[in-house]
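Below is one structure, written out as structure tokens; the observations come after it.
None of the figures in this text is laboratory data; all of them are computed from the coordinates on show. Nothing here was measured: the structure is a model prediction, and the numbers come from that model. Cβ placement follows ideal geometry from the backbone for every residue including glycine, while neighbour counts extend to all protein chains displayed.
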Amino acid sequence: MLSEQPREAGPTTALMRKAYARWAPVYDIVYDKLTEPAARAAVEAAVACGPRILEAGVGTGLSLGYYPRDAFVCGVDLSEDMLKRARSKVRRKGLTHVRGLQVMDVCHLGYADASFDAVVAQFLITLVPDPEAALSEFLRVVRPGGEIVLANHFGQTDGPVARVEEIVAPICTKIGWSSDFKSTRIEAWARRNGVTFIGVAPTFPGGFFKILRMRKAG
């Protein structure tokens, strides 16, 4: 039986806004090709659940073009600086399947219960101040039988790599990243909330990023 990971001090909402305001102008340059395989895999898993998708932490909209044109995609992000770039992409590329991009805290989503077939969060869950609160909001807005799909780096459970990840974690947090957040913490949340933990699949580069899937009870 896996035990829940203890909660650690995380970034505040204000710190996240500041970090992403700094990152917005160069985010695409740094992350586009690096994250594309994981983003495409997350999108594929989400649309298999149905067309209505919420992308939580949509950022500059790097993955919005990966959705099929018959999808119905809403995106939210804490950073208006990021969303300005996402809106520009939507206009420039004619992404008519993107139905809304709003400033919103993922821990307090302004959507009705069971609004979406799936919720996707890419490179987000390890950075929010209260990951469990965000997951509970994802669970609330996804329909019964729908899925929560997370693309992220998750830290090693034990061994020398795990110790290094824990040492460098404070530095990573300052630049808007996380190195030591473990998927076992999400598994523990899933058990407490009656959510089916489907599994974690490695992806590019070399399994550094992973796709984690969970299903809400039908």
Can you tell me the order of 62-73, 144-155 when each peptide is scored by its average per-residue count of other Cβ atoms within 10 angstrom, highest first?
144-155, 62-73
Whole-Hz Karplus ³J(HN,Hα) for the range 33-38, in order, using 6.51 cos²θ - 1.76 cosθ + 1.60 and θ = phi - 60°, x for Gly and Pro?
6, 5, 9, 4, x, 5
Calculate, for Thr96 and Ala48, the FRET efficiency according to 1/(1 + (r/R0)^6) with r their C-beta to C-beta distance and R0 35 Å; round to the nearest 0.05.
0.95
Want the number for Ala201 to Thr184: 0.36 nm per residue separation, take away the alpha-carbon distance, what's left?
4.7 nm
